[in-house]
Amino acid sequence: MRTLYEILDVPPSSTPDEIKQGFRKKSMEYHPDKNPGDAMKAAEMVKITEAYAVLKDESRRLFYDTHGLT
């Protein structure tokens with residue numbers, strides 16, 4: 001299982017801006033509007049969005065880093 005950092009292709013030491021850049025880069029590649037009808041890429045986009053939601057929030061990120069749970 002990939003970590004949230006691996007999903008966004010950023011290191012655990014990333015700043016909030018680097019996390020945001022990783023999210024934008026991945027979302028451009030996997031967004032359903034760019035890949036109509038591709039269910040695999042749509043499913044990956046859901047994971048990317050969930051990873052970003054956790055890592056952009058300081059308290060959720062700290063909890064994830066400490067406990068490995070979202």
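The values are calculated or read from the model by the stated rules, or taken from the named source; none is laboratory data. Since this is a predicted model, take the numbers as computed values, not measurements. Note that we place each Cβ from the backbone using ideal geometry, even for glycine, and neighbour counts take in every protein chain shown. Heads up: the accessible areas ignore ligands, DNA and RNA and are worked out on the full protein's heavy atoms, side chains in. Shrake-Rupley method; radii C 1.70, N 1.55, O 1.52, S 1.80 Å.
Annotations
- Residues that are assigned to a helix (DSSP H, G or I) and either surrounded by 13 or more Cβ atoms within 10 Å (Cβ to Cβ) or not acidic (Asp, Glu) (or both), drawn from segment 4-14: Leu4, Tyr5, Ile7, Leu8
- Against the numbered list (1) out of contact with any helix residue (DSSP H, G or I) (no Cβ under 6 Å at 6 or more places or on another chain); (2) part of a helix (DSSP H, G or I); (3) hydrophobic (A, V, I, L, M, F, W, C), Met1 comes up short only at (2).
- Count - residues of segment 2-39 that are touching a residue at least 12 places away in the same chain (Cβ under 8 Å) and on the phi > 0 side of the Ramachandran plot: 1
- Failed condition for Ala43, given (1) touching a helix residue (DSSP H, G or I) at 6+ places or on another chain (Cβ under 7 Å); (2) not in a loop (DSSP other than H, G, I, E, B): (1)
- Taken over segment 27-44, the residue count meeting the criterion of being under 13 Å from the mean Cα position of the chain (by Cα) and open to solvent by less than 40 Å² (accessible area, probe 1.4 Å) is 2.
- Any chance Pro32 is out of contact with any strand residue (DSSP E or B) (no Cβ under 6 Å at 6 or more places or on another chain), under 21 Å from Ser59 (Cα atoms) and outside any helix (DSSP H, G or I): no
- Just one of the listed residues (Asp65, Asp17) is assigned to a helix (DSSP H, G or I), open to solvent by 90 Å² or more (accessible area, probe 1.4 Å) and of a type in the set (Asp, Glu), and it is Asp17.
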